[in-house]
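The values are calculated or read from the model by the stated rules, or taken from the named source; none is laboratory data. Worth saying up front: this structure is predicted, and the values here are computed from it rather than measured. For neighbour counting, all protein chains shown are included, and Cβ atoms are generated from backbone atoms with ideal geometry for every residue, glycine included.
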Amino acid sequence: MNIRPAQFSDIEDMLNVKRTLVFSESQGVSFRGGFLLGTDAQGYRIRIAQGLTWVIDDDGVKGFSIMLPDQALRASDIWSRRNEVQWSIDPNPVEQSKLGYYDQLAVIPGPWRSLAPVIAIVSIMDFMRQKPDYVISSTVIKPVTNLAAVPYLQFLGGTQVGILDEVDPVVGQLVSDIWLAPRSTIEAFLNTPPSVAIGKYVQQAKELLHKYKV
């Protein structure tokens with residue numbers, strides 16, 4: 001098994017991963033993660049072109065992690081909906097900062113799940129080379145409460161700063177928590193991991209970044 005930057009030839013496999021993880025029911029709580037909505041082939045092509053998409057390769061893609069850098073975030077549908085968010089903070093200083101969006105983390109069931117922390121961390125570390133002020137992400141809470149990414153966001157120092165309540169033409173009412181993590185807490189996590197086990201994941205991520213991005 002290998003973690004590496006994504007290539008355009010990975011797109012069909014990435015779509016298969018997404019199909020594998022589509023929620024089979026639109027209610028309840030999930031700790032494993034999954035997709036209610038998803039990116040199409042062109043969307044993955046754009047993300048790979050930005051150079052912040054990583055995959056788990058084991059005779060084909062078994063998982064991936066995607067960050068959107070500042071310019072891509074501001075050009076996305078996600079950014080266009082920011083005024084619909086019910087913020088618990090003043091969003092203006094955040095909007096004027098250099099941002100990134102943790103877009104997707106997906107790993108199919110099986111031995112590849114053990115690499116989920118590593119691919120998540122290397123994706124973050126890759127993005128942090130751009131010296132952002134904040135990382136933003138979102139987690140769905142209705143119609144499914146998807147808790148899979150929440151521990152990762154909390155480790156990075158992320159806090160819930162808003163709620164987006166919208167009506168999607170596919171799933172109907174869609175409610176998401178909006179998360180925000182400042183660069184200082186992310187750097188603290190990477191420099192001083194909270195446990196020996198997480199420290200090993202961070203070290204693996206550093207080695208991958210050195211292998212592919214130096």
> Restricting attention to region 85-102, does a residue exist that is among the small types (Gly, Ala, Ser), within 13 Å of the chain's Cα centre (by Cα), assigned to a strand (DSSP E or B) and under 28 Å from ALA205 (Cβ atoms)?
Replying inline: yes
> Taking MET128 and the conditions (1) buried (at least 19 other Cβ atoms within 10 Å of the Cβ); (2) out of contact with any Leu (no Cβ under 6 Å at 6 or more places or on another chain); (3) under 18 Å from PRO5 (Cα atoms), which numbered condition does it fall short on, given that it satisfies the others?
Replying inline: (1)
>> Condition first: more than 17 Å from ILE66 (Cα to Cα), at pLDDT 60 or above and touching a strand residue (DSSP E or B) at 6+ places or on another chain (Cβ under 6 Å). Now tell me which residues in region 6-42 satisfy that.
In response: VAL22, VAL29
>> Given the criterion closer than 22 Å to THR39 by Cβ and without any contact (Cβ under 8 Å) to a residue 60 or more places away in the chain, identify the matching residue among ALA197, ALA148, ALA188, ALA120.
In response: ALA120
> Taking the stated definitions as given, is ASN2 loosely packed, with under 12 Cβ neighbours inside 10 Å and either closer than 20 Å to SER123 by Cα or at pLDDT 95 or above (or both)?
Replying inline: yes
> Do we find a residue being modelled with pLDDT of 95 or more and part of a strand (DSSP E or B) anywhere in region 183-198?
Replying inline: no
> Mind checking which residues of region 55-72 are more than 12 Å from the chain's Cα centre (by Cα), among the hydrophobic types (A, V, I, L, M, F, W, C) and over 12 Å from ALA116 (Cβ atoms)?
Replying inline: VAL55, VAL61, ALA72
> Being in contact with a Gly (Cβ under 9 Å, 6 or more places away or on another chain) and either of a type in the set (Val, Ile, Thr) or surrounded by fewer than 16 Cβ atoms within 10 Å (Cβ to Cβ) (or both), is that true of even one residue in region 63-73?
Replying inline: no
> Do you know which residues across region 125-170 are more than 20 Å from TRP87 (Cα to Cα) and either aromatic (Phe, Trp, Tyr) or touching a Cys at 6+ places or on another chain (Cβ under 7 Å) (or both)?
Replying inline: PHE127, TYR152, PHE155
> Residues of region 127-165 being of a type in the set (S, T, N, Q), in contact with a helix residue (DSSP H, G or I) (Cβ under 7 Å, 6 or more places away or on another chain) and not in a strand (DSSP E or B), which ones?
Replying inline: none
